[in-house]
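A.B. asks: Just passing along the structure, written as structure tokens.
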Amino acid sequence: MQKKLIKVGIFFLIFAVIFSGLRGFYNHYHDFLRFKNYPSFDSQHQRYHTTPDILRGTTQDGILNTHYISHDLTPDIEIETLKIIGYGPLRSPDEVKTRVLIVCGQHGREYVSSEVCYALIRLLQLQARDDNFTTRLNLLDLNDVGIWIVPVANPWSRIRVESNETNSCRRTNANGVDLNRNFPYLEMIKDRKFENSPYSDDGISPEDNPGKEPLSEYETVAIVEYIDYINPQMIINVHSGSNDILLPYDYEIDMRPDHYRIMVELANHARKESCQECKVGTSSLLLYPARGTLIDYSLIFTNTQLAFTLEIYASQEIVNDHQLSPEECRIYFNPEHGEELLFILRKWIHFTLSLIEKLLKKIK
């Protein structure tokens with residue numbers, strides 16, 4: 001009798017699990033069918049969006065996709081266009097099994113990077129439809145993957161670049177600080193110098209200014225607090241200026257992170273999927289050592305286990321000798337609008353989703 005009751009209990013348990021899974025799949029599939037007639041991805045992302053447009057679009061109230069919501073990461077900043085806005089699941093991060101943070105737009109002149117993040121946000125909002133991307137994002141959601149996104153991490157600089165030709169090569173914020181040098185770093189390596197740095201003897205140029213001290217800028221504080229809130233397993237930082245998939249560390253050349261081999265495996269998998277011409281390597285060796293970066297901070301000071309820097313574009317027509325004219329700078333770091341821009345966005349969204357899908361298989 002007892003064995004029979006146990007079998008009945010197991011049967012009902014299995015039935016409940018299957019029913020719950022089917023109901024979840026139906027709800028997501030219903031959403032997919034409901035919004036299938038919304039504008040296609042290709043029709044919306046062949047042009048650049050202004051910074052105010054991106055910030056306004058990111059803060060839409062979630063009528064279409066009620067599973068995601070925007071976050072004001074800088075409530076003390078009164079000027080709307082200078083706020084740092086995040087976007088992610090409505091659920092608390094501790095309720096999400098696999099958490100990924102994507103940060104774009106740390107350098108104003110690399111404004112194409114923000115377009116990658118904004119395109120992902122529009123797909124998650126169901127404001128843009130793509131038969132491939134929409135389905136894949138749905139499946140990630142069903143597998144309890146949450147994606148948090150910061151589309152414009154340096155709004156002041158991006159606005160200046162898009163509105164003033166004399167600032168077209170600016171990468172720093174209003175205080176002249178490179179936000180990707182303003183994060184805390186290990187004291188034991190802070191005084192090291194490297195002969196292969198393309199800048200001055202101490203490895204610092206005006207556009208590499210790390211600020212008076214780590215986290216001196218409100219923009220980096222906002223990112224650090226967002227990381228603390230999300231506690232992500234993976235962070236992806238999107239830049240332009242080369243065609244590389246960079247692995248940590250950005251500064252330390254003699255150390256490797258705990259999960260370095262897994263990062264290499266994930267990077268090579270995604271590279272074969274969508275960017276075979278891209279190089280994969282340690283950032284401090286493939287480019288040059290840079291201290292105080294988001295990636296190094298996340299791996300050394302937080303619980304983040306995997307981190308990548310994606311360098312998504314560099315013009316083949318111009319040689320970057322660090323003395324670019326405003327027009328050369330615009331062309332070097334950003335593809336032309338139209339088909340070239342669309343190609344870059346599709347390529348790197350495909351890469352990002354492949355990276356996350358491979359991570360999911362590793363976890364399983």
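A.B. asks: Condition test on Ala153, is it assigned by TED's automatic domain parsing to the domain that holds Tyr111 and farther than 17 Å from Gly241 by Cβ?
C.D. replies: no
A.B. asks: Condition first: among the charged types (D, E, K, R), surrounded by 15 or more Cβ atoms within 10 Å (Cβ to Cβ) and under 22 Å from Ala119 (Cβ atoms). Can you find one or more residues in segment 311-331 that meet it?
C.D. replies: yes
A.B. asks: Enumerate the pairs (first residue in segment 117-133 and over 13 Å from Pro151 (Cβ atoms); second residue anywhere and of a type in the set (Phe, Trp, Tyr) and outside any helix (DSSP H, G or I)) with beta-carbon separation below 8 Å, excluding pairs fewer than 6 apart on the same chain, so at least 6 apart or on different chains.
C.D. replies: Leu126/Phe35; Leu126/Tyr38; Gln127/Tyr38; Ala128/Tyr38; Arg129/Phe35; Arg129/Tyr38
A.B. asks: Could you tell me which of the residues Glu252, Glu273 is in contact (Cβ under 8 Å) with a residue 60 or more places away in the chain, more than 27 Å from Arg346 (Cα to Cα) and assigned by TED's automatic domain parsing to the domain that holds Pro184?
C.D. replies: Exactly one of Glu252, Glu273 is in contact (Cβ under 8 Å) with a residue 60 or more places away in the chain, more than 27 Å from Arg346 (Cα to Cα) and assigned by TED's automatic domain parsing to the domain that holds Pro184, namely Glu252.
Matching residues to (1) at pLDDT below 90; (2) closer than 25 Å to Gly338 by Cα; (3) basic (Lys, Arg):
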| site | (1), (2), (3) |
| --- | --- |
| Ile6 | yes, no, no |
| Phe15 | yes, no, no |
| Arg23 | yes, no, yes |
| Ser43 | yes, yes, no |
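A.B. asks: In segment 166-214, which residue that is loosely packed, with under 12 Cβ neighbours inside 10 Å and not in a loop (DSSP other than H, G, I, E, B) is modelled with the highest pLDDT?
C.D. replies: By that ranking, first place goes to Thr166.
A.B. asks: Considering only residues that are out of contact with any helix residue (DSSP H, G or I) (no Cβ under 7 Å at 6 or more places or on another chain), among the aliphatic types (A, V, I, L, M) and not in a loop (DSSP other than H, G, I, E, B), which ones fall in segment 36-93?
C.D. replies: The one that is out of contact with any helix residue (DSSP H, G or I) (no Cβ under 7 Å at 6 or more places or on another chain), among the aliphatic types (A, V, I, L, M) and not in a loop (DSSP other than H, G, I, E, B): Ile69.
The values are calculated or read from the model by the stated rules, or taken from the named source; none is laboratory data. Note that the structure is predicted; figures quoted are calculated from it, not measured. Please note: Cβ atoms are built from the backbone with ideal geometry, for glycine as well, and neighbour counts cover all protein chains shown.
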